[in-house]
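First up is the structure itself, then whatever we jot down about it.
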């Protein structure tokens, strides 16, 4: 946890010393963030763990006013190989992969929230909370070249917030279950009015102070 906390601070600091925020760094050299475009274009994949991520931006009823964009993090479904094909032309991932969580950044690159999404948002293969939480320790965001430090920072954030993420994922399943009790599960998964299922605010300086004082987030 100490290593994760140090990386979560040190990597943005190194970018800041060059006048770059994490949101800008996540674009990998692109001059502007084009809505729905993936950064990097074909997503970043770790062949060993199967972890995949990208950064992008788009509108949502639940999007905070100060959000610049967000990372989506995926893991391979447990019964599928870890070698990941690229998204299709619509940006949708094949259904052999599960969405773990998304992390929003503001325009300065400060993390502002973690959130989970409904199944239709990414076209994922749905995994229940127990299965998904069991995957968290094995996630390893990795990238080559100029995005390598961004991947390392995202890796640190996943490790640092593992406990809050587990809570968020359990709450996600509870929301889906409540809605499914009134209709059917398939309809809930395709409900276009439900994109963000659960979310929690991130205040990295305050969270690190809490971690220092209590040993946990």
Looking across the range 5-34 at residues that are farther than 13 Å from residue 149 by Cα and in contact with a strand residue (DSSP E or B) (Cβ under 8 Å, 6 or more places away or on another chain), the single one that is modelled with the lowest pLDDT is 33
Of (1) buried (at least 16 other Cβ atoms within 10 Å of the Cβ); (2) at pLDDT 95 or above; (3) more than 25 Å from residue 44 (Cβ to Cβ), residue 136 fails just (3)
message: Looking for something under 13 Å from the mean Cα position of the chain (by Cα) and either over 30 Å from residue 30 (Cβ atoms) or buried (at least 17 other Cβ atoms within 10 Å of the Cβ) (or both) - is there at least one such residue anywhere in the range 174-197?
response: yes
Residue 210: passes all of (1) surrounded by fewer than 16 Cβ atoms within 10 Å (Cβ to Cβ); (2) in a helix (DSSP H, G or I); (3) in contact with a strand residue (DSSP E or B) (Cβ under 9 Å, 6 or more places away or on another chain) but (3)
Residue 32 fails exactly one of (1) over 16 Å from the mean Cα position of the chain (by Cα); (2) under 28 Å from residue 96 (Cβ atoms), namely (2)
Out of (1) more than 20 Å from residue 199 (Cα to Cα); (2) surrounded by 13 or more Cβ atoms within 10 Å (Cβ to Cβ), the one residue 19 does not meet is (2)
Considering the range 56-89, residues that are closer than 18 Å to residue 33 by Cα and assigned to a strand (DSSP E or B), and then whichever is modelled with the lowest pLDDT, we arrive at 67
Selection from the range 38-58 of residues within 15 Å of residue 147 (Cβ to Cβ) and surrounded by fewer than 17 Cβ atoms within 10 Å (Cβ to Cβ) yields 41, 42
Within the range 18-53, the residues that are part of a strand (DSSP E or B) and either at positive phi or touching a helix residue (DSSP H, G or I) at 6+ places or on another chain (Cβ under 9 Å) (or both) are 39, 40, 43, 44, 53
*Could you check, for the range 151-159, whether at least one of its residues is modelled with pLDDT of 95 or more, surrounded by 14 or more Cβ atoms within 10 Å (Cβ to Cβ), under 14 Å from the mean Cα position of the chain (by Cα) and over 19 Å from residue 69 (Cα atoms)?*
yes
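The values are calculated or read from the model by the stated rules, or taken from the named source; none is laboratory data. The structure presented is a predicted model; accordingly, all values stated were derived computationally and were not measured. We place every Cβ from the backbone using ideal geometry, glycine too, and count neighbours over all the protein chains shown.
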